[in-house]
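The values are calculated or read from the model by the stated rules, or taken from the named source; none is laboratory data. Keep in mind the model is a prediction, meaning the values are calculated, not measured. Note that we place each Cβ from the backbone using ideal geometry, even for glycine, and neighbour counts take in every protein chain shown.
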Amino acid sequence: MVTTTRTQDLASQLADSSLFRTKGFVNGQWVDASDGLSFTVTNPATGEKLGEMPNMPRSQIQEAIVASKTAFPLWAKLTAHQRQGYLLKLFQAMEENANDLALILTAENGKPFAEAKGEIAYGAGFVSWFAAEAVRTYGHTVPSPFPNTRNTVIKQPVGVCGLITPWNFPNAMITRKMAPALAAGCTMVIKAPAETPLSALAMCALAERVGIPPGVVNCVTVEKGEREAACGLELCENVNVSKISFTGSTPVGRLLMKQSSGTLKKLSFELGGNAAFIVFDDADLNLAIEGVIASKFRAGGQTCVCANRIFVHAKVYDEFASRLAKKVKAFKPTVLVDVPKECAIASEETFGPLAALFKFEDEDDVVVRANDSEVGLAGYFYTKDVSRTYRVAEKLQVGMVAVNTGVIAQTCVPFGGVKQSGFGREGGKSGIDEYMIEKLITIGGI
Ligand code: SIN
């Protein structure tokens with residue numbers, strides 16, 4: 001098995017070189033930019049060129065939206081079981097091509113091959129999860145206060161979706177949106193990240209291969225800067241796009257929300273985090289050190305749920321700090337101890353392999369400090385006390401709490417935040433609802 005990539009000949013390293021695509025995917029066609037412009041994608045580890053990608057003008061984003069709108073009635077009309085069939089085939093195609101997908105991902109994102117393989121499994125997990133959910137979009141009936149009236153609530157796909165995804169998980173952040181959208185009966189325009197478009201396009205190649213009809217999945221590519229801004233604006237302002245799902249920074253989330261206000265789109269945003277990781281004095285320190293390493297250093301510290309502020313009880317602080325530093329010496333990261341609370345790291349997301357340790361003495365105080373953030377995505381704590389487990393979990397102002405584990409992400413649970421970490425949930429039971437609307441049918445005269 002190949003575990004490293006020499007990027008100039010990435011295509012030739014793949015068992016199936018047709019997964020290496022350097023054109024956009026619009027209405028079932030592989031296309032260059034209509035005005036011929038392009039931009040270069042490079043391997044961040046080596047700086048080597050991976051490919052020239054179409055730098056599409058705004059008019060081409062409009063074409064992709066039209067294609068998606070045209071495909072919508074046909075895709076929405078399929079039975080849920082038919083859409084499930086496509087998703088199961090897509091899952092199988094991902095499994096069969098996992099090695100190639102991981103090679104592409106490593107080359108354009110730079111994460112180690114083993115992590116890339118893990119991400120492909122995680123990404124495929126969303127496809128299998130939502131294949132199962134496709135046939136469970138139950139409606140409900142509601143007793144009416146009027147004697148001759150009956151109420152039924154059904155769920156329907158929201159329509160064309162604009163999916164805007166980040167570079168840190170080039171595969172899984174696509175499938176986390178694409179799979180529920182497909183399952184619900186929506187069509188989509190994916191705006192691939194400028195840094196990592198190849199993984200998105202490889203997914204389009206698989207979607208095409210398993211027979212998903214033209215126009216259902218479209219993927220546009222744009223260079224950072226003017227054309228990226230124009231693409232985001234078009235997706236937000238175009239009246240034919242009914243929903244935007246975005247994973248990225250809080251400032252960009254605010255901008256997209258503003259831009260979507262004219263057309264009042266359904267939105268779900270997974271934005272920045274600033275996770276507190278609290279080690280109480282009764283914690284199992286072995287478990288806590290294992291957990292903080294899993295959380296802090298996953299993807300090189302470049303996830304929204306990475307531990308950002310590590311609060312350690314004064315009684316175990318020195319032991320924890322020295323044991324963590326010993327472990328971390330084996331990597332290229334840094335551990336900072338006794339960080340003053342005025343430091344930028346106390347309030348800003350680091351997005352890198354830097355572990356900042358703060359001392360605390362009191363449960364109430366540490367909860368206040370943990371909540372002292374404008375964002376609220378994930379929070380972690382370690383304790384053996386069951387009462388404290390509920391007390392602290394309920395008080396943390398975040399969308400996800402992990403107790404005695406550093407791993408939150410699973411396809412089967414809702415992922416999302418509160419405060420300025422955004423709204424909406426991805427994965428889990430509620431993930432498909434982000435792509436559906438509830439419609440009431442009330443019947444009188446019975
Ligand atoms: C993210 O960093 O946005 C997602 C991380 C995850 O799914 O665990």
(request) Just give me the residues in the range 113-142 being under 19 Å from the mean Cα position of the chain (by Cα) and closer than 27 Å to T42 by Cα, in sequence order. (result) E115, A116, K117, G118, E119, I120, A121, Y122, G123, A124
(request) Determine, yes or no, whether G118 is at pLDDT 95 or above, within 14 Å of the ligand (Cβ to nearest atom) and surrounded by fewer than 19 Cβ atoms within 10 Å (Cβ to Cβ). (result) yes
(request) Among the residues of the range 134-179, count how many are away from the ligand (no atom under 16 Å from the Cβ), crowded, with 24+ Cβ neighbours inside 10 Å and part of a helix (DSSP H, G or I). (result) 1
(message) Give me the residue from the range 180-232 that is among the β-branched types (V, I, T) and not in a loop (DSSP other than H, G, I, E, B) and, out of that set, farthest from Y435 (Cα to Cα).
(response) V220
(message) Just to be sure I understand the filter: pairs with C-beta atoms under 8 Å, separated by 6 or more residues or on different chains, first member in the range 298-321 and on the phi > 0 side of the Ramachandran plot, second member within 16 Å of the ligand (Cβ to nearest atom) and of a type in the set (A, V, I, L, M, F, W, C). Which pairs pass?
(response) A299/F169; A299/C306; G301/F351
(request) With respect to A370, determine if the residue is at pLDDT 95 or above, closer than 30 Å to L256 by Cβ and in contact with a Cys (Cβ under 8 Å, 6 or more places away or on another chain). (result) no
(request) Go through (1) on the phi > 0 side of the Ramachandran plot; (2) without any contact (Cβ under 8 Å) to a residue 60 or more places away in the chain; (3) touching a helix residue (DSSP H, G or I) at 6+ places or on another chain (Cβ under 7 Å) and name the single condition K419 misses. (result) (3)
(request) Identify all residues within the range 349-385 that are outside any loop (DSSP other than H, G, I, E, B), of a type in the set (V, I, T) and more than 20 Å from K315 (Cα to Cα); write none if there are none. (result) V375
(message) Tell me whether the range 24-39 contains one or more residues that are in contact with a Leu (Cβ under 7 Å, 6 or more places away or on another chain) and farther than 30 Å from P157 by Cβ.
(response) no
(request) Could you name every one of the helices (runs of 4 or more DSSP H) located completely within the range 245-348 that has at least 3 residues being within 16 Å of the ligand (Cβ to nearest atom) and closer than 30 Å to N109 by Cβ? (result) 250-260, 285-296
(request) Return the residue satisfying two criteria in turn: it lies in the range 39-61 and is touching a helix residue (DSSP H, G or I) at 6+ places or on another chain (Cβ under 6 Å) and outside any strand (DSSP E or B), and of such residues it is farthest from L105 (Cα to Cα). (result) R58
(request) Give me the pairs, please: first residue somewhere in the range 364-379 and in contact (Cβ under 8 Å) with a residue 12 or more places away in the chain, second residue anywhere and in a loop (DSSP other than H, G, I, E, B) and acidic (D, E), beta-carbon distance under 9 Å, and either six or more positions apart or on two chains. (result) V375/E349
(request) Any chance you could count how many residues in the range 325-358 are surrounded by 18 or more Cβ atoms within 10 Å (Cβ to Cβ) and aliphatic (A, V, I, L, M)? (result) 7
